[in-house]
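In what follows, a structure is listed as structure tokens, so that the remarks can point back to it.
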Amino acid sequence: MKAYTISRYSKEDKLQLTDVPQPVAKENEVLIEVHSASINQLDLKLKSGEFKMLLPYKFPLILGHDVAGVVVGVGAKVSRFKVGDEVFARPADFRIGTFAEFIAVNENDVALKPKNISMEQAASIPLVSLTVWQAFIEKAKLKKGQKVFIQAGSGGVGTIAIQLAKHLGATVATTTSAANFELVKSLGADVVIDYKTQDFETILKDYDLVLNSQDEKTLEKSLRILKPGGKVISISGPPDVPFAKEIGLSWLMRTVISFLSRKVRKQAKQLNVDYSFLFMQANGKQLSEIGKLIETDVIRPVVDKVLPFEQMNEAMSYVSSGRAKGKVIVKVK
Ligand SMILES: NC(=O)c1ccc[n+]([C@@H]2O[C@H](COP(=O)([O-])OP(=O)(O)OC[C@H]3O[C@@H](n4cnc5c(N)ncnc54)[C@H](OP(=O)(O)O)[C@@H]3O)[C@@H](O)[C@H]2O)c1
């Protein structure tokens, strides 16, 4: 089959279109014919080597964390899916590789594709929506009436985060640039701040929760808009020790990670707020729940561009520009 691979860490190298053996579904896996994949910042970070200590992949590596497609084979122990099912998934770490014609995915990480959206739209959903689900529902237990600040509301994560937070009954503040104001308002944002001309720290006060996806300075400012007992959940670092334990890092790596988050944890403690890092996990059950919210029009996919498989590298460059409005999709079939 055709797949885009990398054979070393590099920010500049392009993905290589190569012929690789088609995967075979193991007993708990489904073989998916990939119709569409979406690009995530994580693909760019893995490619550059930024995650090599945390996620040590082997080469050649097929990137790609989101898939929508059709089941064309099932392992002997698969019970929830059959050949012909239209599905979507975020494959687990070390089982990624959706920038290809086929991928085998553990059935626990797969969900039926919502019927009311296209394959391209479905591929836009898994990684970002699971991130937001795990942040708001699992970790923060976001409740009706709470105030949440979602940075970069026009991005892949932000566009879904706004919609889920509104569905949970929260008041949503977000940052974006002026050109994206209408987009984030249409998704339900209550307070919209132009990060290029305004300082959110002078506008937002007594927030319950921040979803941090930007740099260290933004993270520090975010701590100061929380009310006592409020929470910052960061998806852009620094990682913390519970995360290091969760992914089974050695004592030495845990110590390194503890050091990386020392400053922000100290600042959070002084302000009587909580800091934690989230690295999203594959989860087919949660993805099914998200699928129901899509089928009932609570959440709508936001797709910026759909490019053909042949233009994978153009799609990667566009995402690396940091200007995407929602998600960038590559149509494989
Ligand atoms: N830990 C995890 O599990 C996890 C999961 C998903 C994502 N992430 C991380 O979260 C971050 C965001 O991911 P994403 O997929 O949402 O990225 P993205 O889709 O590439 O974000 C692009 C958007 O960000 C906006 N933006 C850029 N700089 C901004 C700023 N300083 N303030 C406000 N908005 C800004 C841009 O709007 P303008 O064009 O208006 O500037 C654009 O619409 C990345 O670092 C990613 O790696 C982590």
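The values are calculated or read from the model by the stated rules, or taken from the named source; none is laboratory data. Since the structure is predicted, the reported quantities are computational estimates derived from the model, not experimental observations. Quick reminder, even Gly has a Cβ in these numbers, built from the backbone with ideal geometry, and neighbours come from all protein chains shown. Calculation scope for accessible area: heavy atoms of the full protein, side chains included, ligands and nucleic acids excluded. Shrake-Rupley method; radii C 1.70, N 1.55, O 1.52, S 1.80 Å.
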Just one listed residue, out of Gln151, Gln214, Gln198, is open to solvent by less than 10 Å² (accessible area, probe 1.4 Å) and within 12 Å of the ligand (Cβ to nearest atom), and it is Gln151
Could we say that Val306 is surrounded by 14 or more Cβ atoms within 10 Å (Cβ to Cβ), assigned by TED's automatic domain parsing to the domain that holds Gly169, within 16 Å of the ligand (Cβ to nearest atom) and in contact (Cβ under 8 Å) with a residue 24 or more places away in the chain here?
no
Taking segment 121-145 and keeping only residues that are more than 13 Å from the ligand (Cβ to nearest atom), surrounded by fewer than 20 Cβ atoms within 10 Å (Cβ to Cβ) and of a type outside the set (A, V, I, L, M, F, W, C), one is left with Lys141, Lys143, Lys144, Gly145
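Residue-by-condition table, conditions (1) touching a helix residue (DSSP H, G or I) at 6+ places or on another chain (Cβ under 6 Å); (2) charged (D, E, K, R); (3) within 30 Å of Ile203 (Cα to Cα):
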residue	(1), (2), (3)
Arg80	yes, yes, no
Lys113	yes, yes, no
Glu120	no, yes, no
Val148	yes, no, yes
All conditions in (1) farther than 30 Å from Leu142 by Cβ; (2) at pLDDT 95 or above are true of Pro56 except (2)
Could you say whether any residue in segment 170-178 is of a type outside the set (Lys, Arg), open to solvent by less than 10 Å² (accessible area, probe 1.4 Å) and more than 25 Å from Ser38 (Cβ to Cβ)? yes
When segment 261-295 is checked residue by residue, the ones that are part of a loop (DSSP other than H, G, I, E, B) and either open to solvent by 90 Å² or more (accessible area, probe 1.4 Å) or basic (Lys, Arg) (or both) are Asn272
- Task: For segment 237-248, state whether one or more residues are of a type in the set (Phe, Trp, Tyr), assigned by TED's automatic domain parsing to the domain that holds Val132 and away from the ligand (no atom under 16 Å from the Cβ).
- Result: no
